[in-house]
Amino acid sequence: MQRRAAVQANAEQWVQCAKCKKILFRPDFERAMRVCPHCGHHHRLRARERVLLTVDPDTFEETDADLRPVDPLEFPDYADKLHKGIAASGENEAIITGTAMLGGYEVVIGAMDFGFMGGSMGSVVGEKVTRCFERGAERGLPVILFCASGGARMQEGLISLMQMAKTTAAVGRLQRAGVPYIAVFTDPTMAGVLASFASLADVILAEPGALVGFAGQRVAAQASVGKPPANFQTAEFQYEHGMIDLIVPRKQIRPTLTYLLEMLLPTPEEAHAR
């Protein structure tokens, strides 16, 4: 029994890269922010991990954590899927939001979690995203959103699709207030999320190799004339075609965001003078 436990404990110290299949020492893998040192593949992060890796230490204050999804259409098995999403991600929904300091600047920040029903956008996700933009406009704080989603949540039907218009309108109000909005596309950023608030940012960054597109790869391939390029529906493809401003390795996300805030916002002295 003890031998079996020891073998299991030793096995848990190793992880296989999802892309190159190399075996990685888990502590080193975690210190590298879950990026493979051999092929550079960026493995997915939990939403809370991503936020805490990005913001200044001990500054994140979560907002709207009490918002929870309901089953307005009584869709079959939806309640069970919600319970599984909570168990898989440790979160109440597919996004966490809050305020934090980043490079000394106060920001509104949100991160989507693909582990919760594929990061799908239902009424609560749409509401939390909308509140991010409203809070940013009201307080004059830049908004940073990490996107990771398969699209709208089909179990909520048209209520889910309404969130596309709702979040898009909220971005418009933020822009009219003159407040910057930065989006970071992570793997995957797809469908209704891509077609609404994600693509409306003033600056769009993406992690290397992230899946970025509207329809699924098989559907898009069927609709294409001829064979799609090898990098079709990747961050690199979207960058080549002008949809993404910059592809940024995970280790450089925090300094890049800090640099953008310095470029887009007045210094504390300038803000005080105003």
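Per-structure values
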{"item": "Tabulated pairs, region 26-41, first at positive phi, second assigned to a helix (DSSP H, G or I) and modelled with pLDDT of 90 or more, C-beta under 7 angstrom, 6+ apart or interchain", "result": "M33/L53; M33/R250; M33/K251"}
{"item": "Residues being free of Cβ contacts under 8 Å to residues at least 40 places away in the same chain and under 16 Å from F60 (Cβ atoms) - total across region 111-131", "result": "0"}
{"item": "Identity of the residue in region 231-253, in a strand (DSSP E or B) and β-branched (V, I, T), that ends up nearest to G209 (Cα to Cα)", "result": "T234"}
{"item": "Selection within region 156-169 - surrounded by 22 or more Cβ atoms within 10 Å (Cβ to Cβ) and more than 10 Å from M121 (Cα to Cα)", "result": "T167"}
{"item": "Filter pass, L73 being within 30 Å of L264 (Cβ to Cβ) and in contact (Cβ under 8 Å) with a residue 60 or more places away in the chain", "result": "no"}
{"item": "Selection count where residues are part of a loop (DSSP other than H, G, I, E, B) and closer than 19 Å to T189 by Cβ, scope region 86-110", "result": "3"}
{"item": "Counted residues, region 39-85 - those being in a helix (DSSP H, G or I) and among the polar types (S, T, N, Q)", "result": "1"}
{"item": "Flag if G115 is part of a loop (DSSP other than H, G, I, E, B) and under 15 Å from the mean Cα position of the chain (by Cα)", "result": "yes"}
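Conditions (1) in contact with a helix residue (DSSP H, G or I) (Cβ under 8 Å, 6 or more places away or on another chain); (2) modelled with pLDDT under 90; (3) among the aliphatic types (A, V, I, L, M); (4) assigned by TED's automatic domain parsing to the domain that holds L211, marked per residue:
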{"position": "R3", "(1), (2), (3), (4)": "no, yes, no, no"}
{"position": "V7", "(1), (2), (3), (4)": "no, yes, yes, no"}
{"position": "K21", "(1), (2), (3), (4)": "no, no, no, no"}
{"position": "D28", "(1), (2), (3), (4)": "no, no, no, no"}
{"position": "H38", "(1), (2), (3), (4)": "no, no, no, no"}
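The values are calculated or read from the model by the stated rules, or taken from the named source; none is laboratory data. All values derive from a computational prediction rather than experimental measurement. All Cβ positions, glycine included, derive from the backbone under ideal geometry; neighbour counts span all protein chains shown.
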